[in-house]
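One structure below.
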Amino acid sequence: MQSRQDAAMPVTSCSTAKTDIEVRREASIHGLIPEAVFEPTTVDELQDAVRTAMNNRINMVPIGGRTTVHTAHFLSDRPWVAISTGRFDARITVRPEDSLVTCGAGVRWADLLRAIDERGQALPFDPPFAELATVGGVTAQNAHGLLQCAAGTPRDSAVAMTAVIGTGACISTGARVVKNAAGYDICRLLAGSRGTLGIITEVTFRTRPRSRAARNLVFDIASIDLGLEAAAALTADGGDRTYLALGGDKSSTSIRLYTGLAGAAGHVDAEEDRLRRVLRSLGIEHGERIDFDDPGLGAVRKRLYGTICTTAVRVTLPPRDAVDFARSASVADEWIWLIPSGIIAAGVVDSDRDRLRPLAMVRSADHRITVLRCVRPYPAWLPETVTTSTRYQLYQRIRRAFDPCGVFSLIQPGGWP
């Protein structure tokens, strides 16, 4: 197996000082080391590698900036090859007149944001580790941060993609124009597929004009009960906010409320006054202005992916049903609730995983649970995939259409295998 893979797809690295095993160890996921690491520089090279894998029944796992690889769930311990898209980073094309930007999958997310900011444009996504995360990885993960509350996810703004699927074919989907393409949007399938349908090589996003003013505030709240009361009051108030989140961690006895405002300067001032009036009526007086790249907000984004935890889950449910789950999440070592979205993430860093059991009780059709991180042996309360469900069977049909030989079948995207 080793010699066959090395002959077809040699190990390559951006740093010639690193040895073969060092490169492979850096690409490991959950302690599983790939047989080889391949870094194609062109789409043709990537196509040849996928065809070689298909013909030799080799499993491939795409990797980008490795910021959320811990959320990948391996279905077996079969040998595998890591495919890095890091060298697809040579081009960023900004078209402010069309509100579009096109870039390679290996471009760092922070570099993309800087490029469009120089042209007066913005993308309303704030995934964790922006300096490390790649455009392809963010899109394949459909990664988001706090701004998901108002702007959605990368899936909602991707208008065109190029990808190499499991047969080695290179497909282009969508249209690099402002209007949406007719028919079913394949972009929405690739976004969030975690590389199980194909390896994204290029993405076009719809941009928006940069806000004239923006403001971020954080409030310390004495208890979870008062925090839930504040969340209900601000939701009923209907203010114009870019995000609204409630969370905490074991390092502090207080709960924190995070919120963002954007728009014209006068509008932002008025919304801040409105927000403070609502909180003041509940006895919450002190709120601090912070930068959007403040380390505290960075830590909150990481909570959405259980970055520092040994066990972490995320549930998505209708906002009306979220209050009881938020209360249950507050016993975790770290937790965050994106209030308008109904997204709650919680994690523990010790062996007391049963504290997350109440969050795993999500079972109805409009509720979803994602296991972000878990070490073996798995607790019995983790949900199992219902293989007879219509959704699961449709997913398998789509997967076979994109990857008939199972080149990318080693991991399970989202949820729990």
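Listed here are the residues, each with its yes/no results for (1) more than 17 Å from the chain's Cα centre (by Cα); (2) modelled with pLDDT of 95 or more; (3) among the basic types (Lys, Arg).
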| site | (1), (2), (3) |
| --- | --- |
| ILE63 | no, no, no |
| HIS70 | no, no, no |
| PRO79 | yes, no, no |
| GLY86 | yes, no, no |
| LEU100 | yes, yes, no |
| ARG108 | no, yes, yes |
| ALA140 | no, no, no |
### Task
Restricting attention to segment 124-137, report how many residues are within 21 Å of ILE186 (Cα to Cα) and either in contact (Cβ under 8 Å) with a residue 60 or more places away in the chain or more than 11 Å from the chain's Cα centre (by Cα) (or both).
4
### Summary
Counting only residues in segment 368-417 that are part of a loop (DSSP other than H, G, I, E, B) and β-branched (Val, Ile, Thr), the one modelled with the highest pLDDT is identified as VAL407
### Task
Within segment 335-358, work out how many residues are crowded, with 24+ Cβ neighbours inside 10 Å and not in a strand (DSSP E or B).
2
### Query
When you look at GLY166, is it farther than 14 Å from VAL107 by Cα, surrounded by 24 or more Cβ atoms within 10 Å (Cβ to Cβ) and out of contact with any Ser or Thr (no Cβ under 6 Å at 6 or more places or on another chain), yes or no?
yes
### Query
When ASP333 is evaluated against the numbered criteria (1) in contact with a Cys (Cβ under 8 Å, 6 or more places away or on another chain); (2) under 27 Å from ARG241 (Cα atoms), which criterion, by number, is the only one it fails?
(2)
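The values are calculated or read from the model by the stated rules, or taken from the named source; none is laboratory data. Quick caveat: nothing in here was measured; it's all calculated off a predicted structure. Note: ideal-geometry Cβ built from the backbone for every residue, glycine included; neighbour counts use all protein chains shown.
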